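The block underneath contains the structure these notes are about, expressed in structure tokens.
The values are calculated or read from the model by the stated rules, or taken from the named source; none is laboratory data. Source: prediction; values computed, not measured. Cβ sites come from the backbone with ideal geometry, for glycine too, and all protein chains shown count toward neighbours. Accessible surface is based on the protein model in full, side chains and every heavy atom, while ligands, DNA and RNA are left aside. Shrake-Rupley method; radii C 1.70, N 1.55, O 1.52, S 1.80 Å.
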Amino acid sequence: MFYRLDLLAAARVMGSVYQATQLGLLRTVAIKMFSPRFRATDPELAKRFTLEAAALARLVHPNVVTLYDYGESPDGDLYMTMELLAGRSLSHVIEEDGPLTFDRILRIALQIARALREAHAQGIVHRDLKPGNVMVMHGPDEETPDLVKVLDFGLVRVMEGHPSRQMVPGSSTKDPGALLGSPRYMAPEQICCEPVDARADIYSFGVLLFQLSAGVPPFQGSTVHEIVSQHL
């Protein structure tokens, strides 16, 4: 497949997200790209990328971003092609529209829960659920004003003992002894670099629910140490 990069949508530390056109089909897509220079300093990057793509390819659900294609460009850029989402992150919704009504919180939360249920049924743990990794768009009609999509499975993990573990390349990769994730939303076992399963996502979902209701996460602090200490 060939793509034309049309617009830089987001610049991140590890790479960039572009709005692009899939030539031939003339389909507008989003392309997530990782610069090859990061592979030299992060040897696990390619494995995590492959695991994320393989996991997303198996997740077909209306509340999970759809993956179209992934691979490596001739220049060594790892890329992932997904549906282009026209909306706002849940973090922006909380900031701009808050406080949210109970009905809207319930509507958004149920869709996130359905996405997690499907991922867990496939043996997939997201490990980085937070408002910034949830997109909220206009729904198809007045009865569904908010359409929610969970995205960014960059820290995805396949649960031990699940049959799909053998089907996902890279799922046996050991995590480095570093804190991976977003401290404000991390389960204690994830903070301690212990094995995680679906319950870690449910914990993060609970933190997210608190923030939807209160406008702020339950634990505040000026340093990562302060925040993770409160989780523990």
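Helix-only arithmetic for the chain: the sum of -39500 (n - 2.57) across DSSP H runs with n ≥ 4, divided by the residue total, places the mean residue ellipticity at 222 nm at -10000 deg cm²/dmol. Altogether, the Stokes-Einstein calculation at 10 °C and 1.306 mPa s, with the Kirkwood radius of region 30-115 over Cα pairs as Rh, returns a diffusion coefficient of 104 µm²/s.
Each 10 Å bin from zero up to the one holding the largest Cα-Cα distance in the chain carries the following percent of pairs: 7, 31, 37, 22, 3, 0. Counting protein heavy atoms only, the chain has 57 percent of its accessible area on carbon and sulfur, 1.4 angstrom probe. Within region 2-45, the ratio Rg/Rh, alpha carbon atoms throughout and Rh by Kirkwood, equals 1.08. Using the average count of surrounding beta-carbon atoms within 10 Å as a protection proxy, the listed peptides 26-35, 96-105, 70-79 rank, highest first, as 26-35, 70-79, 96-105. The share of Cα pairs per 5 Å bin across region 70-138, counted from zero up to the longest distance, runs 4, 12, 18, 21, 18, 13, 8, 4, 2, 1 percent. Taking T81, T144, T50 as the candidate residues, the one with maximal mean-square fluctuation in a Gaussian network model of the chain, Cα springs under 10 Å, is T144.
Spelling out what I want: for every residue of region 25-40, take phi, set θ = phi - 60°, compute 6.51 cos²θ - 1.76 cosθ + 1.60 (Karplus), and round to whole Hz; glycine and proline get x. Each residue's phi maps through the Karplus curve to give 8, 6, 9, 7, 9, 10, 10, 9, 10, 10, 5, x, 5, 7, 5, 6 Hz. Spin-label pair E96-E143: with each label point 7 Å from Cα along the Cα-Cβ axis, the two points sit 2.7 nm from one another. Residue by residue, region 133-147 carries 3J(HN,Hα) couplings of 9, 10, 9, 10, 10, 5, x, x, 7, 5, 6, 10, x, 10, 10 Hz when phi is fed to the Karplus relation 6.51 cos²θ - 1.76 cosθ + 1.60 (θ = phi - 60°); x denotes Gly or Pro. When the Gaussian network model of the chain links Cα atoms closer than 10 Å, the mean-square fluctuations of L209, L25, L59 top out at L25.
The equivalent ellipsoid that matches the C-alpha gyration tensor of region 1-74 spans semi-axes of 21, 17, 12 angstrom, in descending order. Heavy-atom accessible surface of the chain, averaged per residue, reaches 51 Å², computed with a 1.4 Å probe.
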